[in-house]
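This report refers to the structure that appears directly beneath it.
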2 protein chains.
Amino acid sequence: MEYASKLLENAVYEVSQLPGIGKRTALRLVLHILKQPEQQTVSLAEALIKLRTEINFCKSCYNISDTDLCEICSNSKRDTSVVCVVEDIRDVMAIENTSQYQGLYHVLGGKISPMEGIGPHDLNISPLINKVKEGEVKELIFALSSTMEGDTTNFYIYKQLEGMQVTTSTIARGIAVGDELEYADEVTLGRSILNRVPFENSMKAN
Amino acid sequence: MEYASKLLENAVYEVSQLPGIGKRTALRLVLHILKQPEQQTVSLAEALIKLRTEINFCKSCYNISDTDLCEICSNSKRDTSVVCVVEDIRDVMAIENTSQYQGLYHVLGGKISPMEGIGPHDLNISPLINKVKEGEVKELIFALSSTMEGDTTNFYIYKQLEGMQVTTSTIARGIAVGDELEYADEVTLGRSILNRVPFENSMKAN
């Protein structure tokens, strides 16, 4: 595509570097920005720069935070003996939205993926192991996605924990609430039968 | 959704103001930005601010331009007696990509749309009428989309031109090249038969 202006071309290029945004969408977004009041563009640009330069990560769980210790880690009502291991902060937000979990989190920042060149040392795994070594954690809940990379990461952490006094669990896989059995895939349905729970438990969760 | 950080919340809010981007997509984009080098965020922010504050519009055709007169208007090889009326600069880019048109453009900046509160005076219509009054333009080609708003805009301009020495035409509507007749809608197919062209012309265009 040929652009009538270098400024336009440059803005389209920068926007199209974002994931899932091609040149056409970038052009549409940039033309929209041109029609808006100047102050709105300045706010957008400032919010992004401020975020990128001033953001903090919680020293304990690596969740995003404005303070040294995030709101969850510094909340004295949370159960510090249970730690839920998640991939990124979106997972923390999703689990927090359920209001079902009162323990702490540990954000790995990704999954082990040799294909993408992500090894154990690129993730926040050793701080997690150290946390367990210190002895306060009684249970680790693995809540990574059940892909090859997620399973690899779970297994790597599990191996590192050998000989330590900690229980490990993974979140339950099964038929989603409200789903029809006939449309479920075999692996999920199989696991949901093997890992069935007492009927009383299923009533408590509602 | 609850965010762990005000900076994050603010950035997500600003990004979700863009058209077609909801809160979830905004969060995904913002988390991607957090993983990128700081310089990339600065480039993006600077490109947007520079675009919004420094962009020029061509004084003649209202196309985006880095100079007072855009490259097309200042190109002496273009035919200044034909002006193609389009909605926005994306249409200019699309027509330029075909390499079939050697005249000039006039960018209206939108279509008349009472529903959205856009009247003739919000668009660059009077400069177009003035251009025609000056007498150099022999033909106006309406290339707006064939919606209610596009037709209204075409008709409004047409009425304004009454008594002036200028030919008006619209781009041909018909079956797209490569399309099957059986899937075409009736209006399009009907028009393509009424406005059939000599066979020799269709060979020239390829």
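Give the average, rounded to an integer, of partner chain Cβ atoms located within 10 angstrom of each Cβ in A:54-67. Spell out each step's value before the answer.
Details: counts 2, 5, 3, 3, 2, 0, 0, 1, 0, 2, 8, 4, 7, 2.
Partner Cβ neighbours, averaged per residue: 3.
Spelling out what I want: for every residue of the range A:174-186, take phi, set θ = phi - 60°, compute 6.51 cos²θ - 1.76 cosθ + 1.60 (Karplus), and round to whole Hz; glycine and proline get x.
Per residue, the Karplus-derived 3J(HN,Hα) values read x, 6, 5, 4, x, 7, 8, 4, 5, 8, 6, 6, 5 Hz.
As I understand it, the value is the acute angle between the Cα axis of helix B:89-98 and the longest principal axis of the Cα atoms of chain B; what does it come to in degrees, rounded to 10?
60
For n ≥ 4 DSSP H runs only, could you compute -39500 (n - 2.57) per run for the protein assembly as shown, divide by its residues and tell me the 222 nm figure to the nearest 500? Before the final figure, lay out each step's value.
Working: 16 runs with 174 residues, N = 412.
Taking each H run of at least 4 residues, the total per residue is -12500 deg cm²/dmol.
Could you work out how far apart the two model spin labels at B:Lys6 and B:Glu38 are, taking each label as a point 7 Å from the Cα in the direction of the beta carbon, and quote it in nm?
2.1
Using Cα pairs closer than 8 Å and at least 6 residues apart in sequence, work out the relative contact order for chain B, in percent.
Values: 212 pairs, mean separation 25.2, N = 206.
It comes to 12 percent, rounded to a whole number.
Sorted from shortest, what are the nm distances separating the label point of A:Pro114 from equivalent points in the other copies, each placed 7 Å from Cα along Cα to C-beta?
6.9
Name the residue farthest towards the positive end of the dipole of chain B from the options B:Tyr3, B:Leu181, B:Ile141, assuming +1 on Cβ of Lys and Arg, -1 on Cβ of Asp and Glu, about the Cα centre.
Result: B:Tyr3.
What Kirkwood hydrodynamic radius, in Å, does the range A:137-206 give when the mean of 1/r is taken over all pairs of distinct Cα atoms and then inverted? Spell out each step's value before the answer.
Details: mean 1/r = 0.0704 Å⁻¹.
One decimal place: 14.2 Å for the Kirkwood radius.
Placing a label point 7 Å from Cα toward Cβ, how far apart in nm is A:Lys6 from its equivalents in the other copies, listed shortest first to one decimal?
Label-point separations across copies, in nm and ascending: 4.0.
In square nanometres, what is one fourth of the surface area of the convex hull spanned by the alpha carbons of the protein assembly as shown? Write down the numbers at each step before the final one.
Working: hull surface 116.0 nm².
Averaged projected area of the protein assembly as shown's Cα convex hull equals 29.0 nm².
State the answer as a single residue: which of B:Leu18, B:Gln100, B:Gln40 lies farthest towards the positive end of the charge dipole of chain B, with beta carbon charges of +1 for Lys and Arg and -1 for Asp and Glu, about the Cα centre.
Towards the positive end, the residue furthest out is B:Gln40.
Which chain A residue puts its Cβ closest to the axis that rotates A onto B, and at what distance in whole Å?
Nearest residue, distance rounded to whole Å: A:Ala45, 2.
Placing unit charges on C-beta atoms (Lys and Arg positive, Asp and Glu negative, everything else neutral), compute the dipole magnitude of the protein assembly as shown about its Cα centre in debye, rounded to 20.
Details: 40 positive and 56 negative charges, 74 e Å.
Dipole of the protein assembly as shown, to the nearest 20 debye: 360 debye.
Once you treat every alpha carbon in chain A as an equal point and sum by Debye, what is log10 I(q)/I(0) at q = 0.09, 0.14, 0.17 Å⁻¹?
-0.53, -1.01, -1.21
Using only Cα atoms, find the angle between the long axis of helix B:23-35 and the longest principal axis of chain B, and express it within 0 to 90 degrees, rounded to the nearest 10.
The angle comes out at about 60 degrees.
So who's got an amide H within less than 5 Å of the one on A:His106, skipping anything under 5 residues away but keeping other chains? H placed 1.01 Å off N, in plane.
A:Cys84, A:Val85, A:Val86
Set the bar at 19 Å for Cα to Cα. Now go through A:Lys138/A:Lys159; A:Lys59/A:Lys133; B:Lys59/B:Lys159; A:Lys50/B:Lys6; B:Lys131/B:Lys159 and name every pair that lies beyond it.
Details: A:Lys138/A:Lys159 16 Å; A:Lys59/A:Lys133 17 Å; B:Lys59/B:Lys159 24 Å; A:Lys50/B:Lys6 11 Å; B:Lys131/B:Lys159 15 Å.
Violating the 19 Å Cα-Cα cut-off are B:Lys59/B:Lys159.
Find the Cα radius of gyration of the range A:72-171, compare it with 2.2 N^0.38 Å by division, and give the number to two decimals. Write out the running numbers ahead of the final one.
Numbers: Rg = 13.1 Å, N = 100, 2.2 N^0.38 = 12.7 Å.
For the range A:72-171, the normalised Cα radius of gyration comes out at 1.03.
Could you work out the mean count of beta carbons from other protein chains within 10 Å of each residue's beta carbon in B:83-90? If you can, show how the numbers build up before the last one.
Details: counts 0, 0, 0, 0, 0, 3, 7, 5.
That works out to 2 on average.
Shortest first and in nm to one decimal, what separations exist between B:Glu162 and its copies in the other chains, measuring from label points 7 Å along the Cα-to-beta-carbon line?
9.2
FYI, it's all coordinate maths here, none of it is from the lab. Since the model is a prediction, treat every value here as computed from it, not as a measurement. Because the Cβ atoms are built from the backbone with ideal geometry, glycine has one as well, and the counts that use them run over all protein chains shown.
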